[in-house]
Amino acid sequence: MKRGRREALTAYLFLTPQAIGFVLFVLIPLISVVIMSFTDTDLLTNESKPVGWDNYVEIFTGDPAFWQSLAVTGIFALGLVVINVGLSLALALALNRRPRGAGFFLTLAFLAVVTSQAAWAIVWRFLLQGEGGAVNGLLDLIGLAGPNWLHEAQPSLAAVTVVAALKTVGLKAVIFLAALRNIPPGVIEAARLDGASEGRITRHIVLPMISPTTLVVIVITLIGSFQVFDYVQLMTHGGPSHATSVLAFYIYEQGFELFRSGYASALAIVLFGLTLVLVAIQWWARKKWVHE
């Protein structure tokens, strides 16, 4: 009993710093945001008065900018998941064949991961300039006229989505590669002996066997897509004409540019709820395509 108590005490001592950090920097701020969402709080004057559900009513019935930001966020999230997960899986499948120079290409892809997001966004902002940008310079070499990527409504969201997707391809590829290396070689060899082509092996054996990893990568990417802020702030500042104003950036605008802290808190709660619902749907849908 004394040994068990000592072990329990040791465990609690190791857990205490993390628990204190969670309470101070996660739980208390989260409760404060929930409380503030029911108030009209001005960050500039620090004046606050309770307004009940008025902020939430305004969000869903009196704020067209919220619905535009929600649509932009949905398009961005869909594009990010498709591009990021697709490129990561394709890179992992290619590297799993152990071609010559595989380590070099993986290292090259992982350099973007260790680069700070601010530096990554700023570099791409210069590369995507309408005049003098490297991307349009390459397009000129093949006879194509590139748009002003970050200053036109239609290509701006696509440009930000691709830049954000390329940032973590190396990391997701490593996760997929670990899952691919865990597939028993005998399963693949048996399929080849039965005459299955490489395409059929990939489609009917490899992809189903790594589907739990695919689910994790999709969920992580989806959650990250709803939290994106720095790319929008540094590359487009939500423009042009709010074409790249995702919900996280809209919350920043309301809270730190218009100083409507109560309304921004309500928007943050709505964003949290939407993320939770989408992750729950993904988790429920896993039964139909994830082979555990």
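A quick yes/no check of all residues on (1) open to solvent by 70 Å² or more (accessible area, probe 1.4 Å); (2) under 20 Å from Thr275 (Cα atoms):
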residue	(1), (2)
Tyr12	yes, no
Ile31	yes, yes
Val34	no, yes
Gln68	yes, yes
Gly86	no, no
Among the listed residues Gly238, Gly195, which satisfies the condition of being part of a loop (DSSP other than H, G, I, E, B), open to solvent by 60 Å² or more (accessible area, probe 1.4 Å) and of a type outside the set (Lys, Arg)? Gly195
Being open to solvent by less than 20 Å² (accessible area, probe 1.4 Å) and either closer than 30 Å to Arg286 by Cα or outside any helix (DSSP H, G or I) (or both) narrows it down to one residue among Val217, Val232; which is it? Val217
Can you name the number of the only condition in (1) open to solvent by less than 40 Å² (accessible area, probe 1.4 Å); (2) modelled with pLDDT under 90; (3) not acidic (Asp, Glu) that Gly186 fails? (1)
Confirm whether Ala90 is surrounded by fewer than 16 Cβ atoms within 10 Å (Cβ to Cβ), under 24 Å from Ser211 (Cα atoms) and modelled with pLDDT under 95. yes
Does any residue of region 114-123 turn out to be closer than 26 Å to Ile210 by Cβ and either part of a helix (DSSP H, G or I) or open to solvent by 30 Å² or more (accessible area, probe 1.4 Å) (or both)? yes
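Name the residues in region 129-156 that are touching a residue at least 60 places away in the same chain (Cβ under 8 Å) and either open to solvent by less than 40 Å² (accessible area, probe 1.4 Å) or outside the structural domain of Leu177 (by TED's automatic domain parsing) (or both), would you?
Leu150, Ser156
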Given Gly186, Gly170, which one is assigned to a helix (DSSP H, G or I), within 25 Å of the chain's Cα centre (by Cα) and more than 27 Å from Lys287 (Cβ to Cβ)? Gly170
Name the residues in region 36-66 that are open to solvent by 40 Å² or more (accessible area, probe 1.4 Å) and in a loop (DSSP other than H, G, I, E, B), would you? Phe38, Leu43, Leu44, Thr45, Asn46, Trp53, Gly62
Pairs, please: C-beta under 8 Å, at least 6 apart or cross-chain, first residue in the same structural domain as Arg97 (by TED's automatic domain parsing) and in region 186-207, second basic (Lys, Arg)? Ala191/Arg200; Ile201/Arg192
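The values are calculated or read from the model by the stated rules, or taken from the named source; none is laboratory data. Just so you know, these numbers come straight off a predicted model, no measurement behind them. Virtual Cβ from ideal backbone geometry, glycine too; neighbours counted across all protein chains shown. In case anyone asks, the SASA skips ligands and DNA or RNA and just uses the protein heavy atoms, side chains included. Shrake-Rupley method; radii C 1.70, N 1.55, O 1.52, S 1.80 Å.
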